[in-house]
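Novice: What follows is a structure written as structure tokens; I'll ask about it next.
Each reported figure results from applying straightforward, stated rules to the coordinates on display, with no laboratory input. Since we're looking at a predicted model, the values are computed, not measured. Here the Cβ is made from the backbone with ideal geometry for all residues, glycine too, and neighbour counts use every protein chain on show.
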Amino acid sequence: MTRDMYGNALVPGYNVDLINVKAGLKELVACGYDDDARRFMVIEHALMRWQRGEEEAAERGAIDRAFHGIDFTSWRRVLAAAMAHAHNIEKEVMAELGATVTDICYDTEFLDDGDTIDLISIGLVVPQGSGQRDLEYYAVNADCHFDRVREHDWLWANVVPHLPTTKADWVDPNQGRAVTQLDRRAACVKPKWVIANEVRDLITRKTVDPNLWAYYAAYDHVVLAQLWGPMSNLPDGIPMWTHDLMQLCEQYPEVKKPEPSDDEHNALADAQWNARLLRRLRDAATNELMSR
Ligand SMILES: [Mg+2]
């Protein structure tokens, strides 16, 4: 396995760009460079270096006009084509492997005070084909303002009992309320930036053309999008909107909603419930199509 100067493994498509050299060279011809075999070798070499994570050296070589290099704009076109094709091939391979999972059901718990929405916890479920376990993710935001969550009566009663906290005894719910903290020893309690990276990777790398789904989705979408800051920071590949299960419920009023789970208001349990509801709604939609 290729490693960088610090010994870290370089994984194409993960920490270095995936490159399709052939597509890049095709673009080179499209840019009008079809006259020099050595130029082909220089650009081929540059693309391979780029894929090894040696971006700077690759670019320097590619645009070195003293040694068969090309102009900067053409190089960037070549690079973009090489990356785009590699990305498409990766998606095709995932689709071939049956990894075409388009639905992502999620739920968030949050503190909303009318001005700000503070993420408390997030659960995601990516339903898989029959016989396969659904892909699941759950995290609690170590950076949430837990003192404010604790003071919020509804959150204290409905959400906090599901979180990993230092409070063990819920027989007397108010005992320890003033001093209870998030239990930072729990593996699911993570800084917000870690959650942002993990959720981004799950959505963009483990699915093909993802559709986001949530129940009364408007707030959830904002909480999800704000993992990465303002709307303009939304990473490539994260959908800009969330489908609302309620819209389908309105369309198929005959569909019975699943029984609420014992863990209602645990974000993962709610995401699982959303996935069950979506399955029922999809079945209803299929039946309607078949009966036409
Ligand atoms: Mg919930």
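Novice: Once you sort the root eigenvalues of the Cα gyration tensor of the stretch 143-292 as a ≥ b ≥ c, which label holds: rounded (a/c under 1.5), prolate (a/b larger than b/c) or oblate (the other case)? Can you show the working numbers first?
Specialist: Values: a/c = 2.54, a/b = 1.44, b/c = 1.77.
Here the stretch 143-292 falls in the oblate category.
Novice: List the lysines whose Cα sits under 27 Å from the Cα of residue 206, skipping any in the same chain fewer than 8 residues away.
Specialist: Excluding near neighbours in sequence, the set is 22, 91, 190, 192.
Novice: Next question. May I ask you to compute the full-extension gain from residue 181 to residue 34, defined as 0.36 nm times their residue separation minus their alpha-carbon distance, rounded to one decimal in nm? Before the final figure, lay out each step's value.
Specialist: Details: separation 147, 0.36 × 147 = 52.92 nm, distance 6.59 nm.
Here the segment from residue 181 to residue 34 would lengthen by 46.3 nm.
Novice: Considering every Cα-Cα pair within the stretch 21-96, what fraction, in whole percent, is farther apart than 14 Å? Write down the numbers at each step before the final one.
Specialist: Working: 1629 of 2850 pairs.
Beyond 14 Å sits 57 percent of the P(r) for the stretch 21-96.
Novice: A further question follows. Please list, or write none, the lysines whose alpha carbon is within less than 21 Å of the alpha carbon of residue 256, excluding same-chain residues fewer than 8 places away.
Specialist: In chain and number order, there are no partners.
Novice: For a protection proxy built on the mean count of beta-carbon atoms within 10 angstrom, sort 41-50, 207-216, 111-120 highest first, please.
Specialist: Details: 41-50: 19.9, 207-216: 17.6, 111-120: 14.1.
Final packing ranking: 41-50, 207-216, 111-120.
Novice: Next question. When you take every Cα atom in the chain, what is the radius of gyration, and what is Dmax, the widest Cα pair distance, in Å?
Specialist: Calculated on Cα positions, Rg and Dmax stand at 24.4, 82 Å.
Novice: How many percent of DSSP beta bridges within the chain run antiparallel, rounded to 5?
Specialist: Values: 16 of 25 bridges.
If I count the DSSP bridges inside the chain, around 65 percent turn out antiparallel.
Novice: Per DSSP H run of n ≥ 4, the term is -39500 (n - 2.57); total these for the chain, divide by its residue number, and report the mean residue ellipticity at 222 nm rounded to 500 deg cm²/dmol. Don't skip to the answer; put the middle values down first.
Specialist: On the way: 10 runs with 124 residues, N = 292.
Result for the chain, helices only: -13500 deg cm²/dmol.
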